[in-house]
Amino acid sequence: MKLFIDAGNTRLKWCLDDQGRTLASGTGLLEEENPVSSAGELISQVRSVAISTVASEERRAHLLDSLAKLCPVPVQFYWSEQTRNGLVNAYQDVARMGADRWHAMYGAWLDHKQGFVVVDAGSAVTVDYVDSRGQHLGGYILPGLQMMLRSLRTDAARIWFDPEQGLATDPGSSTGECVNHGLAWLSGAMVERVIADAREHSLADVLVTGGDANRLIGLGLSGIHRPDLVLSGLRAIHAEETSE
Ligand SMILES: Nc1ncnc2c1ncn2[C@@H]1O[C@H](COP(=O)(O)OP(=O)(O)OP(=O)(O)O)[C@@H](O)[C@H]1O
Ligand SMILES: CC(C)(CO)[C@@H](O)C(=O)NCCC(=O)O
Ligand SMILES: [K+]
């Protein structure tokens, strides 16, 4: 059995794979003593681990330590690449691209050859465009939804509010409404731009992943929700690399 991990800046997503079949999956927090505690006893059956991560070196080392204690098996990290199976990265310096973006794009490329947008609404929001030739046209990195609220709360002395997950975008008449509606309004504007760009570049599909995917879909991002997109790309790449 193989363990696949997508370790973001906040959360970690894992799945257990037996010859391409998903036996179990779950989430954890990177700073926890055992970030894959939700896998329980199954962890003892793991024979190898493959990881896609954008966490700091410190957190990556912590994850390796935790895994070494739980199951002393080979661990392989997978990073961004220049090209794979027709998908071509727009970055000159691909080592700088977050592995999650490349793996999500590759996961999308396998099923959506007619051009697509990947929106990953995690700790940060990323938007990437790939055309029908597999050429990555480039992308955007924006602060995540929680990150924006947190910066308003910590960097502005007189802004106090309770965060809400609402979708209302009408002008607010209290601090709480102004902040919460403001975030929905800004996110909605981003959604409109993504839809307009997809049309302009003839990208057929919009794939949405990350913890805030449903919020963006609620704000009008009509797309395909693929919570497992990074893990899908990682699994495919691992399979290709180990079958050679
Ligand atoms: N159970 C949850 N725990 C934490 N965040 C959650 C949860 N459910 C939804 N969210 C939302 O998900 C966002 C984080 O998304 P996600 O878990 O995909 O991030 P991540 O993969 O750690 O981040 P990144 O890949 O950008 O580093 C937060 O902005 C938060 O609003
Ligand atoms: C943008 C995030 C944080 C999204 O998870 C991640 O992909 C990352 O750390 N990227 C590095 C910078 C880049 O992709 O150019
Ligand atoms: K992510």
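The values are calculated or read from the model by the stated rules, or taken from the named source; none is laboratory data. Because the structure is predicted, anything quoted here is derived from the model rather than measured. FYI the Cβ positions are ideal-geometry reconstructions off the backbone, even for glycines, and counts take in every protein chain you see.
Just one of the listed residues (79, 109, 102) is of a type in the set (Phe, Trp, Tyr), under 16 Å from the mean Cα position of the chain (by Cα) and within 9 Å of ligand 2 (Cβ to nearest atom), and it is 102.
Among residues of the range 98-115 that are without any contact (Cβ under 8 Å) to a residue 24 or more places away in the chain, none has a Cβ under 8 angstrom from a residue that is more than 16 Å from ligand 2 (Cβ to nearest atom) and acidic (Asp, Glu) at a sequence gap of 6+ or on a separate chain. So, residue 93, is that one loosely packed, with under 15 Cβ neighbours inside 10 Å and farther than 24 Å from residue 220 by Cα or not? Criteria met by residue 93. Residue under question is residue 149, and the condition is that it be among the hydrophobic types (A, V, I, L, M, F, W, C) and within 13 Å of ligand 1 (Cβ to nearest atom); does it hold? It is true that residue 149 is among the hydrophobic types (A, V, I, L, M, F, W, C) and within 13 Å of ligand 1 (Cβ to nearest atom). Filtering 25, 52, 48, 56 for residues that are touching a helix residue (DSSP H, G or I) at 6+ places or on another chain (Cβ under 6 Å), at pLDDT 95 or above and hydroxyl-bearing (Ser, Thr, Tyr) leaves a single hit, 52. Of all residues in the range 20-77, those satisfying the criterion of being within 16 Å of ligand 3 (Cβ to nearest atom) and among the hydrophobic types (A, V, I, L, M, F, W, C) are 29, 30, 50, 51, 54, 55, 63, 77. From the list 232, 187, the lone residue that is farther than 30 Å from residue 83 by Cβ and under 20 Å from the mean Cα position of the chain (by Cα) is 187.
Residue 177 meets the stated requirement of being out of contact with any helix residue (DSSP H, G or I) (no Cβ under 7 Å at 6 or more places or on another chain), farther than 30 Å from residue 93 by Cα and surrounded by 15 or more Cβ atoms within 10 Å (Cβ to Cβ). Among the residues of the range 168-202, those identified as of a type outside the set (Gly, Ala, Ser) and closer than 16 Å to residue 140 by Cα are 186, 190, 191, 192, 193, 194, 195, 197, 201. For the range 196-226, the set of residues classified as part of a helix (DSSP H, G or I) and surrounded by 15 or more Cβ atoms within 10 Å (Cβ to Cβ) consists of 197, 198, 213, 214, 215, 216, 217, 218, listed by residue number.
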